Amino acid sequence: MSSRYFPGAGRLHGPEFAADPQAVYAELRSRHGAVAPVEVAPGVGAHLVLDHRAAWEVLTDQGEYWSKDPRPWQEGLPDTPEAQGLVGMIGYRPNALFSDGQTHARFRQAVTDTFRMIQPHKLRGHVTEIADGLIREFAGTGRADLVGQYARPLMARVINRLYGRTDDAGQDLDRILNALTNSVGQDAVTANEEFGRYMSELITAKYAQPGDDLTSWFISHPAQLTTEEVLQHVVLTLGAGCEPSSNLISNTTARMLTDERYYSSLTDGALTTLDALQEVLRNDPSMANYGPYFVLRPVHFHGTWIQPGELVLVSYAAAGSSPVAGAGHQAGERSDGGAHLGFGAGAHRCPAADPALLIALTAIDRLLTLLPGLELAVPFDALTWRPGPFHRALAELPVTFTPVRPDHPGVSPWTSLPKNSRTRSTPPAPTSPGRAPVSVSGDRS
Ligand code: HEM
């Protein structure tokens, strides 16, 4: 489906969309209603589902109208680098995300059972250790980019560990995932190949020597996945895990550092990190529009005819902010009490929502615990977001804090705090040479 079918389609690529996606959703909603024509790459059109109820209908369909199999769409994709670059994200793979019915049920069982094997206290321990290690690397400087130096490497290392690889073996992972998400054309193809190679090394090692890890549990699951299916599901869960989770961590941290209600919770106990996570999952979810669905036959859906082979994207981000009209509701009020779709819904709802939340909660709380006087280094409006039709992802999250010294174990970081330094009215001087650094090894959890 090319964008020539959609004159005046909203652009989901480029810097304008990245800077303020909610403004684009609002504009599309006012012009088109629940389903709007959009362009996801130059020359490639899609239908964007903006409304909560419409999104729910797609996600909870029982296989009557909707499918996750992108192959008919792929066949009609223009042969341009931009269009083919989308295949890295939406191209068919024999995995849970792109299958329906019985095939999906079998794959899905293997994924949910395997993720249930993760013990929360062990996961919290991994995250804490990895988070503290990363914080230690920049704690003495008083400033950091929490995307590049924290959220992204943290997720790569956590998932890498869960899969049973050493931290050293995972050093390339962040770079490869970054390239997969951001590149187009030949670069995207190359990144795809690198990712496949990286993962096949892991599978080979775990078949040879199984361990107490996710990869080995996939291999031994009663669903009897073939080697190819194991590989596909390791690739899926790793790709589906790292990017959205690191974005969830950075989007939520940015919100907490700028929204008075969360910031003051550090001293007043007003709203918690979990509240902030739920709010981001509703209004700024990291899988913003990454809900590719396809119709099985022509469907007239909320005023729009949709044909087989056309790409439909459920916008979790737009659905979360969509108002509900109708009797008994104030403007903007939602009958669902504000429930979010940040983890999707229905048969394909994220099977790792609980561990993902635990990871994000722990990672954010380590930052807030260990870095006194944590502040954004620039105003919220000056933050930059990575362009792309599918995600909501900060390019960087520059912060400042009171420098803490990593080489004095056992000293609480709070001992360096000037009085009231954690209130908005008295932000810390980020690189003040007079402030005594303290240790990040004093574990307060
Ligand atoms: C450890 C981290 C994570 C892992 C391993 C993971 C894994 C997965 C997998 C395997 C699926 C496909 C399930 C299926 O099709 O049956 C999925 C779906 C989904 N995940 Fe996650 N995920 C993680 C974190 C997240 C986070 C942090 C978010 C959002 C902030 C998220 C949002 C979603 C959504 C919206 C879907 C549904 C996609 C659809 O309907 O097409 N996930 N996830």
Accessible area, probe 1.4 Å, largest first, for residues MET155, MET117
MET117, MET155
With every protein chain left in place, what is the accessible area of ILE159 in Å² (1.4 Å probe, nearest 10)?
20
Between beta-carbons, use under 12 Å as the cut-off and find the net charge around GLY85, counting Lys and Arg +1, Asp and Glu -1.
-3
Mind grabbing the accessible area of HIS121 for me, 1.4 Å probe, Å², rounded to tens?
110
ASP132 accessible area, assembled protein chains, probe 1.4 Å, Å²:
20
VAL189 neighbourhood, Cβ < 14 Å, K/R = +1, D/E = -1, net charge -4
Quick P(r) readout (segment 3-416; Cα-Cα; 20 Å bins; whole %) gives 26, 58, 16, 0
What do you reckon, how do GLU75, GLU64 stack up by accessible area (1.4 Å probe), largest on top?
GLU75, GLU64
Using only the Cα atoms of segment 133-208, build the gyration tensor, take square roots of its eigenvalues as a ≥ b ≥ c, and label the shape rounded, prolate or oblate: rounded if a/c is under 1.5, else prolate if a/b is larger than b/c, else oblate.
oblate
Please work out the FRET efficiency for the pair VAL87 and LYS122, using the Cβ-Cβ distance as r and a Förster radius of 30 Å; give the result to the nearest 0.05.
0.25
Percent relative contact order for segment 3-416, counting Cα pairs under 8 Å at least six residues apart, stands at 25
Count the net charge of all other residues whose Cβ sits under 10 Å from the Cβ of MET287, scoring Lys and Arg as +1 and Asp and Glu as -1.
0
Hydrodynamic radius by Kirkwood for segment 167-229, inverse mean 1/r across distinct Cα pairs, in Å, is 13.1
Starting from the Cα-Cα distance between ASP79 and THR190, subtract it from 0.36 nm times their residue separation and give me the gain in nm to one decimal.
38.3 nm
Measuring from label point to label point, each 7 Å out along Cα→Cβ, what is the ASP354 to ARG143 span in nm?
4.3
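The values are calculated or read from the model by the stated rules, or taken from the named source; none is laboratory data. This is a predicted model, so every value here is computed, not measured. Glycine also receives a Cβ, built like all others from the backbone with ideal geometry; neighbour counts cover every protein chain displayed. For the accessible areas, the whole protein counts, side chains as well, though only heavy atoms, and no ligand, DNA or RNA atoms are used. Shrake-Rupley method; radii C 1.70, N 1.55, O 1.52, S 1.80 Å.
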